[in-house]
Protein chains: 2
Amino acid sequence: MAIQTPGIPKGTRDFSSEIISKRNYIFETIKFVYQKFGYSPLETPAFENLSTLTGKYGEEGDKLLFKILNSGDFLKEVSPEELSQRNINKLAGIVCEKGLRYDLTVPFARYVVQNQNQIIFPFKRYQIQPVWRADRPQKGRYREFYQCDADIIGSDSLINELEIVQMIDMVFAKLDMSVNIKINNRKILAGIAERIGYPEKLTDITVAIDKIDKIGLDKVYEELMQKGIEENSVKLLEPILNLSGKITEKIQCLEKFIGETEIGTQGIAEIQKLFNYINNFTFKNNIELDLTLARGLNYYTGAIFEVTSNDMLMGSVCGGGRYDNLTGIFGLEGVSGVGISFGADRIFDVMENTGKFPKNTNISVKAMFVNFGEKEEMYCLKILQKLRENSIDAEIYPDIVKMKKQMKYANDKKIPFVILAGENEIAENKVTLKNMIEGNQDKVSLEELIMTLK
Amino acid sequence: MAIQTPGIPKGTRDFSSEIISKRNYIFETIKFVYQKFGYSPLETPAFENLSTLTGKYGEEGDKLLFKILNSGDFLKEVSPEELSQRNINKLAGIVCEKGLRYDLTVPFARYVVQNQNQIIFPFKRYQIQPVWRADRPQKGRYREFYQCDADIIGSDSLINELEIVQMIDMVFAKLDMSVNIKINNRKILAGIAERIGYPEKLTDITVAIDKIDKIGLDKVYEELMQKGIEENSVKLLEPILNLSGKITEKIQCLEKFIGETEIGTQGIAEIQKLFNYINNFTFKNNIELDLTLARGLNYYTGAIFEVTSNDMLMGSVCGGGRYDNLTGIFGLEGVSGVGISFGADRIFDVMENTGKFPKNTNISVKAMFVNFGEKEEMYCLKILQKLRENSIDAEIYPDIVKMKKQMKYANDKKIPFVILAGENEIAENKVTLKNMIEGNQDKVSLEELIMTLK
């Protein structure tokens, strides 16, 4: 066989021990908080039937699905005519029946519908697994990355929204990250669009509002007019675009503006109630109503959440919202849910760049025995076993090679202690314990050794 | 969109909370032991370049690789002639550049070669990740399953083999499973084949020896002769086939039989040394030299390990061995390694069938607050936060529905305590705590509540 230069597919990553420890620190924190709030874990297969995935992420999303070639004669069902037509999309649909998970939401919806008779509603699940997208790889964007989702399905209560805010606050407090938690409500946006006479232009209006900080008021007006909204209607938006102050002031202003639309009134009531809940608690992070928040607008029907880091300029590190009909596509109607997703890769980048990882996340053994030779080896192996029985992670250098090489190994692996046992130590039933950080060394008994390493 | 009946691809599984807790119990035990012995985690991408995977698992293995269709115009490079020829294997190689991970060994070898200048040798890594095989699904065989591997690469020392036996013993002791740890050595098998004059028939001989318990001595003789080994040579095997007794007796017998072959002498020396190490320690499980062990014979070059359950008849629950040239296929020669892999699915089945899982693996909250209405809700939410601050996982039923429905939820989710707070409790600044297992209930203060739940 020809010798190959090994590499990995673009957009994917190997994770070494040090990175895994740090990533696990993030995953474990999120898991800990999810479980504290009564969310239970779920895991779904890496691939789903393509019929489950296709059409759920829009046309662009469909293109980004990784499809798995059918086993055996994958052209069996393809006629010569179909083959020569080279209709890529059609052919892909015949030669592939499965696709890699694109997100955790659709598999969750599929799971809920498939198991609706066994599931206890309201169903609170969290899921921390990788997803795959055939996106063009670039800085911070990968073809394989983890999502960390929690959703509750089958409950309309705004207590769920409160607890989502509490979970977000707790996760970032535990990670020692300062964030801004922004909340919006799709119904308020719908009320605004209705109030200015363009209910069907909800998305255009929100996209434009979203750009105010970047392009300024005049350009926003211009963009809205280009989208076909009359100048009079555009001007009506002014109080919304200038909305500021405390939450009570914002709500008052909204009541004046959209209080007469039914959907707007519903949205205001929801926001009012949610902030009433929120105001009964103290949070480590700032929470604000942000009407420019348009995240996942084709999808969310009530509350919308987005979290940004105050430590570093970057896209959102967490987001989510309420959806009223997630499971409808699979035939289960009328089940409302609300969920969030933490972006582990972005959180990692922020923590790495701002030095927020604790020093002790690295997984290395506490001590390494130097291997002097066959005679000394067994003496060390017996003590090594005692250490392990005493919950101390430790290893022996397996080969009898020059001490310098063995010390380099311990040093490179950042092992804090090295244990040496030669003729003298064995005669005294002791070992020499060398502290690799401070450089000093001591002859100690087995009891002293265990005490020091524990 | 038409409504779909949701399902998952055959051979895959969803894992619910209860199963995940049990599986994690196995994974965490294995991880704990690996780390105790100085192995560090590695994670590789779900898919590799097909050039990395193809040709590494034999012709059968190649057929079982899940291939990922190239994005975009996957037929771009295919000429009309190639298309009309319908050469499935050739076409698959053009329209697919990536494949799902088939095991953890080849990605590990690829990683080592790719990062050989950064890696500290001897390199001890463990890897616990899913792999995918397009095998025909059947009871206990899945298309997506986890492997739990540990390997040390770049060390010839038999201390590594000792520690592998120690790790196996510790894992199963911790899991409360009784197992039989069988050890063999490829060099001894090669010595036997050479001694009877058929060095090239090593595999046939071992496969036949392997069947002794099932088909008996005469049938084994018959099979060997069918494979083209002369009767005289076959009869020479008798002392090997009847090998029994203590390890020292077995080794003596082997010395007589294959002591004159060079490879056999090497194998005996290795086994002798390994059992010298082993005899210096006590183990919870039986360890034996088993010459019928032929696992992965095309692959292993020294020690071979296999572990079977004593509690339940089943294939091996763990296996491994030493290989001298794993990384050669990727251009790094002369690096010897030894590794093992635990079969988490089989271990799960044994533990489930013999009731070995601890009772407390299930992840559920400790307590649920009943939601009586808007007035009582906030009182409960405040106490709920106090519980969570005191490390108690707890939840509130989010919706204001009939108490019966709420109690059913707590009951179905096996939540051990339910907390009720109505007008009376609020007036007294207390709650009623109901023990769902014993059925009794008490009015308690917040301090008493925390004390009971902790």
Practice prompt. Could you run through the range A:172-207 and say how many residues are hydrophobic (A, V, I, L, M, F, W, C), under 21 Å from A:Gly337 (Cα atoms) and either touching a helix residue (DSSP H, G or I) at 6+ places or on another chain (Cβ under 6 Å) or modelled with pLDDT under 95 (or both)?
Written response: 4
Fill in: Residue check, A:Asp176 on the phi < 0 side of the Ramachandran plot and among the acidic types (Asp, Glu)
no
Fill in: Hits in the range A:1-48 (condition: facing chain B (nearest Cβ under 7 Å) and of a type in the set (Ser, Thr, Tyr))
A:Thr12, A:Ser16, A:Ser17, A:Ser40, A:Thr44
Response to the item:
Expected single match for more than 17 Å from the chain's Cα centre (by Cα) and either of a type in the set (A, V, I, L, M, F, W, C) or buried (at least 19 other Cβ atoms within 10 Å of the Cβ) (or both) among B:Ile19, B:Ile8, B:Ile26 is B:Ile8
Worksheet item: On the given criteria, is B:Ile94 touching an Asp or Glu at 6+ places or on another chain (Cβ under 7 Å), among the aliphatic types (A, V, I, L, M) and open to solvent by 20 Å² or more (accessible area, probe 1.4 Å)?
Response: yes
Practice prompt. Would you check if there is a residue in the range B:154-163 being of a type in the set (Val, Ile, Thr) and more than 10 Å from chain A (Cβ to nearest Cβ)?
Written response: no
Response to the item:
Across the range B:263-288, the tally of residues that are touching a Phe, Trp or Tyr at 6+ places or on another chain (Cβ under 9 Å) and closer than 19 Å to B:Tyr323 by Cα stands at 1
Practice prompt. Read through the list (1) at the interface with chain A (Cβ under 8 Å from one of its Cβ atoms); (2) touching a helix residue (DSSP H, G or I) at 6+ places or on another chain (Cβ under 8 Å); (3) under 17 Å from B:Ala303 (Cα atoms), then give the number of the only condition that B:Arg125 fails.
Written response: (3)
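Rundown of residues vs (1) crowded, with 21+ Cβ neighbours inside 10 Å; (2) in contact with a Pro (Cβ under 7 Å, 6 or more places away or on another chain); (3) basic (Lys, Arg), yes/no style:
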residue	(1), (2), (3)
A:Phe357	no, no, no
A:Ala367	yes, no, no
A:Lys375	no, no, yes
A:Tyr409	no, no, no
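Quick grid of which residues meet (1) over 21 Å from A:Leu50 (Cα atoms); (2) surrounded by 17 or more Cβ atoms within 10 Å (Cβ to Cβ); (3) facing chain B (nearest Cβ under 10 Å):
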residue	(1), (2), (3)
A:Tyr102	no, yes, no
A:Pro107	no, yes, yes
A:Gln114	no, yes, yes
A:Pro137	yes, no, no
A:Tyr142	yes, yes, yes
Worksheet, complete the sentence: Filtering the range A:73-95 for residues that are facing another protein chain (nearest Cβ under 10 Å), among the small types (Gly, Ala, Ser) and within 18 Å of A:Asp62 (Cβ to Cβ) leaves a count of 1
Worksheet item: Counting only residues that are within 7 Å of chain A (Cβ to nearest Cβ) and open to solvent by less than 20 Å² (accessible area, probe 1.4 Å), which one in the range B:60-72 is nearest to the chain's Cα centre (by Cα)?
Response: B:Phe66
Worksheet item: Only one residue in A:Glu377, A:Glu395 is in a strand (DSSP E or B) and within 12 Å of chain B (Cβ to nearest Cβ). Which one?
Response: A:Glu395
Worksheet entry | Test set (1) out of contact with any Cys (no Cβ under 8 Å at 6 or more places or on another chain); (2) open to solvent by less than 20 Å² (accessible area, probe 1.4 Å) - A:Phe121 fails condition number | (2)
Discussion item. Need the failing condition index for A:Asp442 against (1) assigned to a loop (DSSP other than H, G, I, E, B); (2) more than 10 Å from chain B (Cβ to nearest Cβ); (3) open to solvent by 40 Å² or more (accessible area, probe 1.4 Å), just the number.
Written reply: (1)
Item to complete: From A:Lys413, A:Lys382, A:Lys404, A:Lys386, grab the single residue that is in the same structural domain as A:Glu447 (by TED's automatic domain parsing), farther than 23 Å from B:Val33 by Cβ and not hydrophobic (A, V, I, L, M, F, W, C).
Response: A:Lys404
Worksheet item: Looking at (1) part of a loop (DSSP other than H, G, I, E, B); (2) within 14 Å of another protein chain (Cβ to nearest Cβ); (3) more than 24 Å from B:Glu163 (Cβ to Cβ), can you tell me which one B:Val335 breaks?
Response: (3)
Response to the item:
All-but-one check, B:Thr292 against (1) without any contact (Cβ under 8 Å) to a residue 60 or more places away in the chain; (2) among the polar types (S, T, N, Q); (3) closer than 25 Å to B:Glu163 by Cα, failing number (1)
Worksheet item: How many residues are over 17 Å from the mean Cα position of the chain (by Cα) and open to solvent by less than 30 Å² (accessible area, probe 1.4 Å) if we restrict to the range B:338-355?
Response: 0
Worksheet item: So, in the range A:398-412, of the ones that are out of contact with any strand residue (DSSP E or B) (no Cβ under 8 Å at 6 or more places or on another chain) and assigned to a loop (DSSP other than H, G, I, E, B), which residue ends up farthest from the other protein chains (Cβ to nearest Cβ)?
Response: A:Lys402
Worksheet item: Which residue out of B:Val131, B:Val179 is open to solvent by less than 20 Å² (accessible area, probe 1.4 Å), more than 9 Å from chain A (Cβ to nearest Cβ) and free of Cβ contacts under 8 Å to residues at least 60 places away in the same chain?
Response: B:Val131
Worksheet item: Would a scan of the range B:421-428 turn up a residue that is within 38 Å of the chain's Cα centre (by Cα) and outside the structural domain of B:Ile26 (by TED's automatic domain parsing)?
Response: no
Worksheet entry | Scope the range B:106-157; condition farther than 17 Å from A:Asp412 by Cβ and either outside the structural domain of B:Gly315 (by TED's automatic domain parsing) or in a loop (DSSP other than H, G, I, E, B) (or both); matching residues | B:Arg133, B:Ala134, B:Asp135, B:Arg136, B:Pro137, B:Lys139, B:Gly140, B:Tyr142, B:Arg143, B:Asp156, B:Ser157
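Matching residues to (1) touching a Gly at 6+ places or on another chain (Cβ under 9 Å); (2) open to solvent by 20 Å² or more (accessible area, probe 1.4 Å); (3) at pLDDT below 95; (4) of a type in the set (Gly, Ala, Ser):
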position: A:Gln272; (1), (2), (3), (4): no, yes, no, no
position: A:Ile278; (1), (2), (3), (4): no, no, no, no
position: A:Arg295; (1), (2), (3), (4): yes, yes, yes, no
position: A:Asn298; (1), (2), (3), (4): yes, yes, yes, no
position: A:Met312; (1), (2), (3), (4): no, yes, yes, no
position: A:Val317; (1), (2), (3), (4): yes, no, no, no
position: A:Thr327; (1), (2), (3), (4): yes, no, yes, no
position: A:Ser336; (1), (2), (3), (4): yes, no, yes, yes
Worksheet item: Among the residues of the range A:49-59 satisfying the criterion of being polar (S, T, N, Q) and within 9 Å of chain B (Cβ to nearest Cβ), which is nearest to A:Asn70 (Cα to Cα)?
Response: A:Asn49
Fill in: helices (runs of 4 or more DSSP H) wholly inside the range A:50-98 containing at least 3 residues that are among the acidic types (Asp, Glu) and outside the structural domain of A:Tyr142 (by TED's automatic domain parsing)
A:58-63
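The values are calculated or read from the model by the stated rules, or taken from the named source; none is laboratory data. Values in this document were obtained by computation on a predicted structure and should not be read as measured data. Because the Cβ atoms are built from the backbone with ideal geometry, glycine has one as well, and the counts that use them run over all protein chains shown. Surface areas here come from the heavy atoms of the whole protein model, side chains and all, with no ligands, DNA or RNA. Shrake-Rupley method; radii C 1.70, N 1.55, O 1.52, S 1.80 Å.
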